[in-house]
Amino acid sequence: MEYQFALLSLKKPVLPVIIAPGDISDTIQAYIDQDGRIPFKMDSPVRGEGEFNERMEYLADAIKKMINTVNTERETHRLQHLNIGNGASSGESPPSYEQAIELEQAQLGQNIRERVPQVGDHVIAHWQQHSYFTATIVRFIKETLKFEIKWDDQDESGRFPDVTMVALNKVPDKRAVTVGSRVFFPQGHYCGQEGVRTGGMRYHEGVVTRTEPCSGNRLRCFGHHLKGGSDGKWVTYKDYNYNFTCFSDDLRVAANPYNVTHAYSNM
């Protein structure tokens, strides 16, 4: 998420370099899905100066290739403009490389804004003890970066969650559900209490650990709870299970906390 935020802020071509221990192929796959560019991976100890120099040369070659790609794209745009100016082709003039980058960043920004909950949206929101339920946003409170919400079950308690603990109640794009994604998943129903609330479905914070494509262009997701009893979460409700399995259509994805905070701090 931090990588996506940095990419949006820099508005420059980026070659991500990941330096981390262990096998991080799942993280790399997530970056490939989001940006279409394979990061340079350094995930094992460097043994000696020779190996260090080899890796630095590899990284330098990757940067050179990226620079050459950028220069080629710039030259392609320049030639397209020249051909149009000389009458070699007709139609609307293509955008310059800089304009293309701005358009791409604007589209990325729009995609992010679409995932940031707004007043009037139906959402999954935090109540207490790391339990989440469905609600509608009534207003945004800038001073505390909280939402005022109205629960679907009509309960009057816990109606002011932090903006980072709310997710749009809409089917996510499958590309947003990858290994390592923080999600809200349904598990267990609760009964109503006369004069207090109606019943409904419980949602919980989880992390996706594996995905599996299925027929009908569906994606089956496997994962587990992010919070437990030691975090103050209630784990004795009926149907509790540490693990979960469901389709991506049943999950809800919270907006990047950086994006949410940035979006509302400027309001």
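The values are calculated or read from the model by the stated rules, or taken from the named source; none is laboratory data. From a predicted model like this one, the values you see are computed outputs, not experimental measurements. Glycine also receives a Cβ, built like all others from the backbone with ideal geometry; neighbour counts cover every protein chain displayed. Heavy atoms of the whole protein, side chains included, go into the accessibility calculation; ligands, DNA and RNA do not. Shrake-Rupley method; radii C 1.70, N 1.55, O 1.52, S 1.80 Å.
Accessible-area rank, largest first, for SER248, SER215: SER215, SER248, with all protein chains present and a 1.4 angstrom probe.
The label point for TRP234 and the one for HIS189, both projected 7 Å from the Cα toward the Cβ, are 1.7 nm apart. Annotation for VAL119 and THR198: the two label points, set 7 Å from Cα along the Cα-Cβ direction, are 2.5 nm apart. With all pairs of separate Cα atoms included, the stretch 123-267 yields a Kirkwood hydrodynamic radius of 16.0 Å. Seen from PRO213, the other residues with C-beta closer than 10 Å to its C-beta sum to a net charge of +2, counting Lys and Arg as +1 and Asp and Glu as -1.
When the solvent-accessible area of the stretch 139-193 is split by element, carbon and sulfur atoms take up 52 percent of it, the probe being 1.4 Å.
The stretch between ILE141 and PHE222, if pulled fully straight at 0.36 nm per residue, gains 25.6 nm over its current Cα-Cα span. Summing charges over neighbours of ASP249, with a neighbour being any other residue whose Cβ is under 13 Å away from its Cβ, gives +3 when K and R count +1 and D and E count -1. Beyond 27 Å in Cα-Cα separation lie the following of the pairs LYS150/LYS233; LYS142/LYS238; LYS146/LYS170; LYS64/LYS174; LYS146/LYS238: LYS142/LYS238; LYS64/LYS174; LYS146/LYS238.
What's the local net charge at ARG139, with K and R +1, D and E -1, over the other residues with C-beta under 15 Å away? My count for the surroundings of ARG139 gives 0.
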